[in-house]
Each structure stands twice: as structure tokens, then as C-alpha cells.
Amino acid sequence: MSAAKTGTRLGAMYRRIARKRGKQKAIVAVARVICEIAWRLICDPGARYIELGPDYYQPRSARQRTRSSIRQIEKDNPGKKVVLIDDPAIAGTPGSAGPAEPAALPAVLSRLPVTY
């Protein structure tokens, strides 16, 4: 399928579906979208196709990627809850290049609540 190798929304869609569900399902899904686009263009002579670009299916922000990752972890571990803690002892001081010293981590970890 030639749409798979293009830098378009359809190419990105093919690669995303092929990675998750397999090449044959991706081919059918992209073919269906191509048929829908053709149908709309044929039915409405005033309609124009606008390419949305290969990054159309990318998450919109880092916050959405974080939420998606948390949902996936919680789905994989039923009964568990993921809690993000913004602690300067772990993350370093604001504006620092990296994490705090490793010696500070055990003290921080001992303060965290443990739930099973």
C-alpha cells in the first residue's frame, strides 16, 4: 500500500494501526478512510480535501501523554492507583539540570505512603 510510505495523515494512520493491530487491518482501515474521502468529494462538488499532516494523530501535549501513560499503568495493574509527586528532593531544585543526590532518595521514599 503506497499510503503507508507517505508523510501524510493516512500514512501515519497506517503505521499507527499496523503497529497495534497488524498490517491487514491497517490496510482495510486506510482504504475505508480513502473511500470516505472520495465519497464526500464526489457528493459535494464544493468540498476540498485538506491534508492534516502526519502529526495529526500525535498526542496534543505532554500532559495528555502523561495521563495516557497513567491510565495504561492503572489498567495493567488493577486495584492500584498511580500518584505523581512533585518533590524537590527527587526532582532537584527548580532550574537544576538533573535529579537530586542519590543519598536524598531513601529519606524521601521513607515518607511516601505504601499501599498494597
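Odds and ends about this structure:
- Annotation: Val33 fulfils all but one of (1) of a type outside the set (D, E, K, R); (2) more than 30 Å from Leu84 (Cα to Cα); (3) in the same structural domain as Leu84 (by TED's automatic domain parsing); the unmet one is (3).
- One residue stands out among those in the range 25-82 that are touching a Ser or Thr at 6+ places or on another chain (Cβ under 7 Å) and assigned to a loop (DSSP other than H, G, I, E, B): the one that is farthest from Ala3 (Cα to Cα), which is Pro59.
The values are calculated or read from the model by the stated rules, or taken from the named source; none is laboratory data. All values reported here derive from a predicted model rather than from experimental measurement. Every residue, glycine as well, gets a Cβ built from its backbone with ideal geometry; the counts of neighbours run over all protein chains shown.
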